[in-house]
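> Pasting in a structure now, in structure tokens, and then I'll have a few things to ask.
The values are calculated or read from the model by the stated rules, or taken from the named source; none is laboratory data. In this text, all values refer to a predicted model and were calculated from it rather than measured experimentally. Every residue, glycine as well, gets a Cβ built from its backbone with ideal geometry; the counts of neighbours run over all protein chains shown. SASA here: full protein model, heavy atoms, side chains in, ligands and nucleic acids out. Shrake-Rupley method; radii C 1.70, N 1.55, O 1.52, S 1.80 Å.
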Amino acid sequence: MSRNRAGDKVMFRPSLSVFESMMQRVVFLVPLLVAGSIRTLQTDPVKGKSPITALENFHFEQFTGRWYEVAVVSTCPHYMQRKKRNPVMVALELKHVPSQHNFTMTTSTFTNGTCRETWTVLSFTNTPGQFFHHVARFGADVDSFVVDTDYDEYALMMQLSNEKPTGNKTTIVKLYSRTMSVSPPALEKFKELIRHHGMSEDAAIMNQHKGECLPGEPTKEAAAHHQVFGHESSKQIIPAEEEQSDVRPGLENL
């Protein structure tokens, strides 16, 4: 505070350096706050503005067990081309040991008469219904979200894959069912989710059942890494990350 010649009080005005210091602190703190929320709130790269949120009050233990992938759509052209060539239904088995902070997902699908089984270990996040795994071969972070489910009949899944080296981002939407068929209301919810995130429902692929290929149920003649199904089909078990394919990371699983 200072006085003018007439003795009146004059309000103290901070120098520009004070304001500059305050602004520098604000600019420094904002990126930290944003970085701290990345794992909880993800933005769909298709629309670039709608955050993807997991189902509220999600109960994972009710979600475990067997599911079938009955429909799928993706922004990855390689994935879509491959699925169109072989739109086969995928069987999944989710298993969790309560004392662990991750769970195992095993997927099985027929490819040219061969039952291919892969497994992926996914980590829980601070948000129920949101999972994470990293694919080292592609340097990709993959976030998976249970957007909606009734646990007994259907589940709507969304997956975001971000390849760090290239910056490639992929969105995939999947419809799961506890059986090899799905009800019309569940299918309509799947289409609504596709439209909401800026994709065409006409591009969605309905998977077809082409024979029993169930994870976790080897035949009596099964060996450790080679199991026979009938007379013409065989089963190969490989880690998901070691599977050689033209599909980008994370899209083959969950």
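> Across region 127-152, what is the number of residues that are at pLDDT below 95 and under 15 Å from the mean Cα position of the chain (by Cα)?
The qualifying residues number 6.
> Let me ask you something else. Take the conditions basic (Lys, Arg) and part of a strand (DSSP E or B) and apply them to residue 116. Does it pass?
yes
> Give me a count of the residues in region 121-147 that are surrounded by fewer than 18 Cβ atoms within 10 Å (Cβ to Cβ) and among the small types (Gly, Ala, Ser).
Number satisfying all stated conditions: 3.
> Among the residues that make up region 61-68, is at least one of them in contact (Cβ under 8 Å) with a residue 60 or more places away in the chain, assigned to a loop (DSSP other than H, G, I, E, B), open to solvent by 20 Å² or more (accessible area, probe 1.4 Å) and closer than 23 Å to residue 211 by Cα?
no
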